[in-house]
Ligand code: B12
Ligand code: SF4
């Protein structure tokens, strides 16, 4: 039995576009969900994982599979449906799973043979068994997995072509920020994998550099942090010789012992969501956590960096509190905090989030012809109507923010400061140049996006006028 597991591409996502920018080789993450599925698959299946981010293969020339499994984030849904159609036309059954399938079950069911919602650990062997007997059900629900049942991912199946390996050590996040799908998909309960599994899986990764994909590496409560420390101790003791980066919340900075252990275990960088430069913004998205104890962000960032760990920060543009000038303000704050990298995204309503419900009820989703418009749900395009910012306005804010933060003099200053403070010079240089280059690609993409948006707007205005419904929509500025 032959199984293809496919990660569809979205050419509009500049960070996975390796052909456009060689720096992206250091930013393409492996499709870990498919490697975990492969780990759950019995040996009688011959498995091929296709990651279209590394190039779209000639499917016609490949041997006919018995089953195709497709994963997709929302931004990959369009391409997922194209791939599904290709195989279904050949009579090959197609199963789709992952976050988009879970949040848009009806849409996905119309386009594939079978859908798996939720985490797959408890259900995938059953799906394969049914496929073998030609009796696939239309829908399966995996719910939330027992964390001890998460298998070791099959790193051997994607052994070449990547600069970085990846691993997951925890699932879920209790914080439930309004724009984020993690709590809706992986649950509010923070689940930690057995430390021995994590160490064994690290040992099976060939790459020296690894991305820990956890949404919240250390969790929020004392017992989570105690377990994170134990995990770091075990990693150091196993002498893994890996260097890794991870995502964490700002409380990572609050415990010197934790930082020292993380650095000893190979932590070289953390990606932290700061989200908004104002307390009002943080309250709007429900990230009250960042406001605790009247936190000094500059001091927190510095504490992390003292352990030779780089800090990349993420912010959002387009909150209801954001007014013209927000782009420059974010760049200024990011420099003041001393961030090594800045990643700014447009506020984007993703299906399944509280923000989605709110924007839908307020009729503020501007690109809402689905599934076609999903390709723009990459967080790098403004797909909604923003309170104080027009389409042109919000794009200009993004450009001015990136232009400020990634100007060559500022990059040089940051790289020199990493050298001076003995942080990772090469990491700092590569990541800054990569972000600068993606900013250039994104600027090109905005031109095309505005054309697409303009056509869509004209069309919908004409249809509504013809139907006498134009009073229903608020005017879209821009
Ligand atoms: C790593 C990661 C990335 C990597 C991608 C790596 C890759 N190729 O997979 C990078 C950095 C490139 C990335 C990019 C983006 N990401 Co991202 N990313 C993640 C992150 C942190 C972890 C994903 C992961 O590896 N999880 C571990 C694996 C084991 O879990 P899993 O993939 O969910 O798989 C399980 C189930 O879903 C299921 N399953 C999955 N696929 C399939 C397929 C079949 C057939 C079956 C049966 C089951 C099944 O089984 C698996 C085992 O239980 C998630 C957050 C999260 N917790 O999921 C966000 C997340 C998926 N990303 C998100 C977003 C928005 C993006 C971007 C659009 C924007 C951005 N800049 O971040 C881009 C777009 C990428 C694109 N190509 O279009 C959102 C997606 C929301 C949505 N509705 O789509 C998430 C949920 C984060 C969030 N804050 O909401 N991301
Ligand atoms: S943004 Fe981060 S902290 Fe907030 S819910 Fe998502 S994973 Fe948790």
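A few notes on this one:
- Search result, residues across segment 77-98 that are surrounded by 22 or more Cβ atoms within 10 Å (Cβ to Cβ) and in contact with a helix residue (DSSP H, G or I) (Cβ under 7 Å, 6 or more places away or on another chain): 77, 94, 95, 96, 98
- Residue match in segment 287-308 (condition: in a strand (DSSP E or B) and either surrounded by 18 or more Cβ atoms within 10 Å (Cβ to Cβ) or more than 16 Å from ligand 1 (Cβ to nearest atom) (or both)): no
- Only listed residue being assigned to a strand (DSSP E or B), free of Cβ contacts under 8 Å to residues at least 40 places away in the same chain and under 26 Å from residue 209 (Cβ atoms), chosen from 228, 246: 246
- Every residue from segment 37-76 that is more than 13 Å from ligand 1 (Cβ to nearest atom) and buried (at least 20 other Cβ atoms within 10 Å of the Cβ): none
- Of the listed requirements (1) surrounded by fewer than 17 Cβ atoms within 10 Å (Cβ to Cβ); (2) more than 11 Å from ligand 2 (Cβ to nearest atom); (3) modelled with pLDDT under 95, residue 174 misses just one: (2).
- When residue 201 is tested against (1) at pLDDT 95 or above; (2) within 11 Å of ligand 1 (Cβ to nearest atom), exactly one condition is not met: (2).
- Among the residues of this structure, residue 394 counts as one that is surrounded by 18 or more Cβ atoms within 10 Å (Cβ to Cβ) and on the phi < 0 side of the Ramachandran plot.
- Set 99, 47, 6: member being modelled with pLDDT of 95 or more and within 16 Å of ligand 2 (Cβ to nearest atom): 99
- Filtered residues of segment 152-175 (kept if near ligand 1 (Cβ under 9 Å from one of its atoms) and out of contact with any helix residue (DSSP H, G or I) (no Cβ under 9 Å at 6 or more places or on another chain)): none
- Residue in segment 125-143 that is surrounded by the fewest Cβ atoms within 10 Å (Cβ to Cβ), counting only those that are free of Cβ contacts under 8 Å to residues at least 60 places away in the same chain and in contact with a helix residue (DSSP H, G or I) (Cβ under 7 Å, 6 or more places away or on another chain): 138
- Residues satisfying the stated conditions in segment 186-220, i.e. under 9 Å from residue 172 (Cβ atoms) and either exposed (fewer than 15 other Cβ atoms within 10 Å of the Cβ) or more than 22 Å from the chain's Cα centre (by Cα) (or both): 188, 189
- Among the candidates 263, 246, the residue that is crowded, with 21+ Cβ neighbours inside 10 Å, closer than 22 Å to residue 203 by Cβ and either away from ligand 1 (no atom under 16 Å from the Cβ) or under 25 Å from the mean Cα position of the chain (by Cα) (or both) is uniquely 246.
- Qualifying position, being at pLDDT 95 or above, within 30 Å of residue 281 (Cα to Cα) and not in a loop (DSSP other than H, G, I, E, B), among 184, 188: 184
- Condition check for residue 242 on (1) farther than 20 Å from residue 344 by Cβ; (2) within 16 Å of ligand 2 (Cβ to nearest atom): one failure, at (2).
- Among the residues making up segment 266-286, those that are within 16 Å of ligand 1 (Cβ to nearest atom) and buried (at least 21 other Cβ atoms within 10 Å of the Cβ) are 269, 270, 272, 273, 274, 275, 276, 285.
- Verdict on residue 38 being more than 16 Å from ligand 2 (Cβ to nearest atom) and farther than 24 Å from residue 133 by Cβ: no
- Enumeration of residues in segment 144-167 that are part of a loop (DSSP other than H, G, I, E, B) and crowded, with 19+ Cβ neighbours inside 10 Å: 145, 150, 153, 154, 162
- Selection within segment 345-364 - more than 16 Å from ligand 2 (Cβ to nearest atom) and either in a loop (DSSP other than H, G, I, E, B) or surrounded by fewer than 19 Cβ atoms within 10 Å (Cβ to Cβ) (or both): 360, 361, 362, 363, 364
The values are calculated or read from the model by the stated rules, or taken from the named source; none is laboratory data. Just so we're clear, the structure is a prediction, and the values are computed from it rather than from any experiment. For neighbour counting, all protein chains shown are included, and Cβ atoms are generated from backbone atoms with ideal geometry for every residue, glycine included.
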